[in-house]
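*Asks:* Take this structure, written in structure tokens, and hold onto it; I'll ask about it next.
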Amino acid sequence: MCGALLSGLADVLAWPTCGYLLLGCVVGLIVGILPGLGPVFAITIFLPIAIQLDPVSGLVLIVSIWTVAQIGGEVTSVLFAVPGELSTVTTILDGHPLARQGKAGLALAVNFTSNLMGVTFGAVILFLAVPIARPLILHLGNPELFMCVLVGVTFVGSLTGGRPLLGYAVAAFGFLLALVGTSVISGAPRYTFGVLGLWEGIPLISFALGFFAIPEVYRMYVDGNPLTASRVNIGADFKEGIVESLRHWRLVLACSGIGVVIGLIPGLGGSVSQWVSYSYAKRRSKHPEQFGHGAIEGLIGPSASCTAKDGGHLLPTLFFGIPASVSMALLLTAMLALDVTPGPKMVTEHLDVTMAIISVLVISCILGIIIMTLSVKKLIHLASMPTAYMVPFLLALILIAAYSARDSMLGVTLLIVGSVIGVTMEILGWPRAPFILAFVLGPLAERYLFLTEQTYGWSAAAVRPGVLILFVIMASVIFWTIRGERGHKNADDTVLASER
Amino acid sequence: VQEFYVNRRQYKALSLILPLVFLVAGCGGDDPLTNKDIKADYYKGKTITWIVSGSAGGGTDVLTRAYAPFLSKYLEGHPKVQFKYLTGGGGIEAGNYIYNVAKKDGLTLATLGSENLFSQILGEDGVKYQFQKLTFLGNFLARDQMLFVRGDFGVDNFDELMDASEPPKIGARTASHSTALLPLILQGSFPDKKLFDMVYGYDGGEDVDLDVERGALDGRSNSVGSVESTHQDWIDDKFLVPLVYEGQERHPDFPDVPTVGEVVPPEHQDLIALLRAPDLTTRPPVAPPGLPSDLSDMLRKAFEDMSNDPDFEKTVEDLGYPFQWITPDQEADAVTSVLSDKDLEEDYKGLVGDEG
């Protein structure tokens with residue numbers, strides 16, 4: 001296997017494959033930086049070119065675009081508080097406050113290092129997991145997938161700053177909003193009010209831009225301070241960021257593990273793994289009160305998880321022909337066009353291609369980080385422009401992104417709706433994470449619940465070992481969350497009483 | 001910097017004149033194109049907007065993007081092609097746009113789906129097009145659905161299925177999705193026996209495959225080309241057993257498997273006509289209705305030239321789709337025959353209604 005890995009690495013670094021790798025990295029960074037455009041857009045455009053190449057070059061081009069887009073998205077989240085990708089929304093929560101404190105270099109270094117460690121972890125797991133991938137995925141049936149969704153929401157529902165019931169209530173509201181669109185069961189439209197554009201549900205990109213980015217722009221407008229401090233010491237900050245990430249290696253490993261497991265499940269992805277990892281990082285932190293104000297752990301966990309999930313995504317795609325996301329569906333299309341059949345042959349006949357893909361996950365991440373590091377100083381200067389220039393610039397960027405997400409004014413309308421809800425929740429101090437996660441997971445929860453009943457029946461599903469284990473995890477999370485908050489409250493009451 | 005001032009009088013004058021200018025400009029409108037306007041190099045320097053009814057990265061999008069460079073190659077003037085996604089209503093939004101909004105100037109095309117036809121038959125909310133009146137340009141995709149069940153379900157052919165004690169669980173996206181059509185027609189042909197236990201709600205074919213592999217489902221209807229390109233081992237190892245093929249002739253790779261026409265009783269043969277329209281309208285490229293005849297001829301000629309290009313055929317097949325040239329007349333005939341048969345419409349509504 002190690003010989004095959006070296007051979008795959010050599011294939012990637014040989015000309016002209018390395019040229020396609022570089023092209024993929026540049027394209028991935030560009031679409032990653034631009035909100036509203038993602039790797040799916042770029043891969044679709046480059047797919048006709050990729051399928052004309054030799055198998056390794058074609059797949060390297062696609063995988064490099066897909067991997068590197070995440071890194072571009074991290075940069076805009078930290079510097080501009082605008083998520084380039086949906087999977088970098090959590091980066092705004094702690095990365096952007098650091099940038100405002102003049103520590104943009106530190107935030108980016110932490111992100112990049114965690115990204116690299118996460119993707120390496122994912123690649124190693126992909127390399128090692130080949131023999132166990134098949135039974136694991138086959139064991140996760142609809143009942144287990146439904147419970148995974150509930151566990152994810154339960155984890156994130158506890159991110160409430162001392163009000164767990166509010167977190168779960170907000171999550172329920174997210175589930176409610178997810179009902180808009182075509183019913184996954186009957187195919188009939190629900191709550192669409194005659195708007196055809198809502199048949200596929202509320203467009204997530206437009207809504208999330210309003211929900212997360214507009215409140216940041218609003219806060220910047222009210223404060224009158226620029227997005228980042230212009231006086232930064234890139235070299236020292238980068239060094240500190242790398243050291244911090246390495247110091248938290250246990251958190252990196254744990255969140256990378258979360259990323260890989262979530263990546264295995266079709267439909268879940270970076271937008272879910274980041275929140276679950278953020279929640280995990282906050283739970284195990286000694287200083288959870290710093291989260292949302294520039295906590296390093298709040299950056300490390302999601303960043304590692306989001307790139308580690310790439311390894312998880314590739315497992316079902318390569319070995320089952322089951323794409324875990326739209327990007328993976330396009331990769332699958334390219335594989336079939338290039339006569340690379342997914343399945344058992346990926347570890348026999350096409351082992352060279354498998355190893356090239358594993359190698360390119362890590363190499364493209366390194367290349368992306370180098371390119372971004374070289375250009376980060378210019379971007380920081382751009383982000384430190386006075387508010388009077390930056391607010392209109394950001395609003396224009398967000399509007400264009402919201403429009404282009406659906407190519408219609410519906411995107412702009414939903415941007416406004418998302419903004420109103422986001423700003424209101426920000427003012428009231430309500431947690432936004434459980435809402436958006438439940439909104440993303442709502443259709444999946446409905447689908448898995450319905451299919452569970454149709455394919456297994458309630459009684460058979462309820463006694464499956466996987467379901468029982470996940471139920472115990474979910475109940476424990478709820479129990480410890482409520483108990484923990486009561487403990488804090490009692491401690492606070494005791495302190496107040498003694499002060500009196 | 002020289003500043004530009006507008007005084008109060010000028011401002012008032014402008015505020016009166018500008019709305020008038022816009023009003024007059026708005027009232028003008030374009031004259032409809034006629035054959036006199038269509039020169040051989042009509043497309044030179046122009047850009048075609050191609051409406052995609054599926055989401056970015058989906059099968060419809062990938063195919064449309066594969067078609068575009070070849071269309072540009074075979075149209076004189078070699079126009080540029082840009083894409084616009086109108087995915088609302090499972091393609092209804094794209095159908096409405098190409099039928100009602102797009103100019104009849106040959107600069108807007110759309111790739112729809114056979115679901116557009118079914119949505120019209122079912123009279124779904126929001127349908128504001130008449131599929132049969134669209135300008136068909138020809139199609140390149142053959143539909144080759146086969147009904148498969150797992151080998152361990154215990155039946156090896158359709159006769160044994162008729163005698164099975166329990167119906168197999170068959171997965172599909174929705175009752176009105178094209179992959180549900182073959183089992184629905186078979187069920188409708190044998191109303192006294194529950195042939196299938198249909199399970200709807202899947203997100204895509206891969207999810208159905210996964211549940212078939214897990215054993216949560218007993219089978220599915222799927223394209224033979226798709227099964228052979230992704231799971232040939234399932235056929236070789238008899239993990240999947242083919243039961244019925246929906247084509248008019250037996251599939252060459254499965255000469256022992258009967259066609260739907262062979263198994264459906266004579267009194268229900270009319271239901272098979274429902275399959276003919278989607279057979280010929282799988283992701284069809286279309287233009288708005290009422291195009292000047294010279295323009296529609298020009299586009300149809302380009303599509304026909306594409307069909308004769310071996311590189312184009314290879315591109316389509318490389319993407320995993322069986323290639324077959326279907327002429328615009330064949331498309332129009334199939335669609336018209338289904339839509340003009342009110343009994344057939346009612347039959348289809350009944351089949352889907354019973355399930356949905």
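*Asks:* Which ones in region B:181-204 are modelled with pLDDT under 90, in contact with a strand residue (DSSP E or B) (Cβ under 8 Å, 6 or more places away or on another chain) and more than 10 Å from chain A (Cβ to nearest Cβ)?
*Replies:* Result: B:Leu181, single match.
*Asks:* Can you spot a residue in region B:214-225 that is within 13 Å of chain A (Cβ to nearest Cβ), free of Cβ contacts under 8 Å to residues at least 60 places away in the same chain and among the hydroxyl-bearing types (Ser, Thr, Tyr)?
*Replies:* no
*Asks:* Further question: What tally of residues in region B:183-206 results from selecting those that are more than 17 Å from B:Gln145 (Cα to Cα) and either aliphatic (A, V, I, L, M) or in contact (Cβ under 8 Å) with a residue 12 or more places away in the chain (or both)?
*Replies:* Count: 12.
*Asks:* Can I ask one more? Specify the residue that is farthest from B:Glu317 (Cα to Cα); the eligible residues are those in region B:42-64 that are without any contact (Cβ under 8 Å) to a residue 40 or more places away in the chain and surrounded by 12 or more Cβ atoms within 10 Å (Cβ to Cβ).
*Replies:* Selected residue: B:Lys44.
*Asks:* Output the residues belonging to region B:308-332 that are more than 14 Å from B:Leu63 (Cβ to Cβ) and polar (S, T, N, Q).
*Replies:* Within region B:308-332, B:Asn308, B:Thr327, B:Gln330 qualify.
*Asks:* Continuing with the same structure: Hey, any hits in region B:47-64 for a residue that's of a type outside the set (Ser, Thr, Tyr), over 30 Å from B:Asp347 (Cβ atoms) and over 17 Å from the mean Cα position of the chain (by Cα)?
*Replies:* Yes, region B:47-64 contains at least one residue that is of a type outside the set (Ser, Thr, Tyr), over 30 Å from B:Asp347 (Cβ atoms) and over 17 Å from the mean Cα position of the chain (by Cα).
*Asks:* Also, I was wondering about something else. Here are A:Val63, A:Val82: which of them is in a helix (DSSP H, G or I) and either under 20 Å from the mean Cα position of the chain (by Cα) or within 14 Å of chain B (Cβ to nearest Cβ) (or both)?
*Replies:* From the options A:Val63, A:Val82, the qualifying one is A:Val63.
*Asks:* For a quick check of your reading: which strands (runs of 3 or more DSSP E) sit entirely within region B:195-280 and have at least 3 residues that are crowded, with 18+ Cβ neighbours inside 10 Å, within 24 Å of the chain's Cα centre (by Cα) and not β-branched (Val, Ile, Thr)?
*Replies:* By residue number, B:219-223.
*Asks:* Also: Kindly establish whether A:Ser273 is under 17 Å from the mean Cα position of the chain (by Cα), polar (S, T, N, Q), in a helix (DSSP H, G or I) and within 14 Å of chain B (Cβ to nearest Cβ).
*Replies:* No, not satisfied.
*Asks:* So B:Asp105 clears everything in (1) assigned to a loop (DSSP other than H, G, I, E, B); (2) under 11 Å from the mean Cα position of the chain (by Cα) except one condition, right? Which one?
*Replies:* All conditions are met except number (2).
*Asks:* Considering only region B:163-193, how many residues are over 17 Å from the mean Cα position of the chain (by Cα), buried (at least 20 other Cβ atoms within 10 Å of the Cβ) and closer than 21 Å to A:Thr452 by Cα?
*Replies:* 4
*Asks:* Right, something else. What do you reckon, is B:Ile48 touching a strand residue (DSSP E or B) at 6+ places or on another chain (Cβ under 8 Å) and farther than 30 Å from B:Leu344 by Cα?
*Replies:* yes
*Asks:* Also, quick follow-up: Taking B:Asp156, is it outside any loop (DSSP other than H, G, I, E, B), more than 21 Å from B:Phe303 (Cβ to Cβ) and away from chain A (no Cβ under 14 Å)?
*Replies:* Against the criterion (outside any loop (DSSP other than H, G, I, E, B), more than 21 Å from B:Phe303 (Cβ to Cβ) and away from chain A (no Cβ under 14 Å)), B:Asp156 does not qualify.
*Asks:* Of the conditions (1) in a helix (DSSP H, G or I); (2) more than 14 Å from every other protein chain (Cβ to nearest Cβ); (3) out of contact with any strand residue (DSSP E or B) (no Cβ under 7 Å at 6 or more places or on another chain); (4) not acidic (Asp, Glu), B:Phe312 fails just one. Which one is it?
*Replies:* With respect to (1) in a helix (DSSP H, G or I); (2) more than 14 Å from every other protein chain (Cβ to nearest Cβ); (3) out of contact with any strand residue (DSSP E or B) (no Cβ under 7 Å at 6 or more places or on another chain); (4) not acidic (Asp, Glu), B:Phe312 is out only on (2).
*Asks:* Looking only at region A:176-199, how many residues end up being within 8 Å of chain B (Cβ to nearest Cβ), without any contact (Cβ under 8 Å) to a residue 24 or more places away in the chain and surrounded by fewer than 21 Cβ atoms within 10 Å (Cβ to Cβ)?
*Replies:* Number of matching residues: 4.
*Asks:* Something else now. Only one of (1) under 21 Å from the mean Cα position of the chain (by Cα); (2) outside any helix (DSSP H, G or I) is not met by A:Glu349, so which one is it?
*Replies:* Unmet for A:Glu349, out of (1) under 21 Å from the mean Cα position of the chain (by Cα); (2) outside any helix (DSSP H, G or I): (1).
*Asks:* Go through region B:55-77 and give me each residue that's modelled with pLDDT under 80 and within 20 Å of B:Tyr99 (Cα to Cα).
*Replies:* Within region B:55-77, B:Ser55 is the sole residue that qualifies.
The values are calculated or read from the model by the stated rules, or taken from the named source; none is laboratory data. Remember, predicted model here, so these are calculated numbers, not experimental data. When we count neighbours, we look across all protein chains shown, and the Cβ atoms used for this are built from the backbone with ideal geometry, even at glycine.
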